[in-house]
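Single-structure report; data block below.
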């Protein structure tokens with residue numbers, strides 16, 4: 001598994017109802033359940049978006065097509081906020 005990129009197309013992507021949240025926002029949750037390996041995870045983006053790490057507020061730039069989290073440590077998670 002080391003160095004492989006896994007697709008999260010079937011889960012990890014949940015759009016918010018437009019009447020509950022202003023604008024067009026999505027949150028992408030990345031989980032590494034491994035006890036020993038860091039992994040790369042990729043999820044397709046529905047549109048061009050500005051990405052921010054939800055917890056650290058680190059600006060991740062504008063992305064189009066896909067978002068990849070590289071070398072996610074074992075037993076960790078990352079929550080990415082996307083705005084269009």
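Could you give the length gained on full extension between residue 46 and residue 75, defined as 0.36 nm per residue of separation minus the Cα-Cα distance, in nm?
Answer, rounded to one decimal: 7.7 nm.
What's the FRET efficiency of residue 37 with residue 84 using the Cβ-Cβ distance as r and R₀ = 25 Å, to the nearest 0.05?
Computed FRET efficiency for residue 37 and residue 84: 0.15.
Here, each number is a calculation from the coordinates, and none is a lab measurement. No experiment lies behind these values; they were computed from the predicted model shown. Glycine gets a Cβ as well: all are built from the backbone with ideal geometry, and neighbour counts include every protein chain shown.
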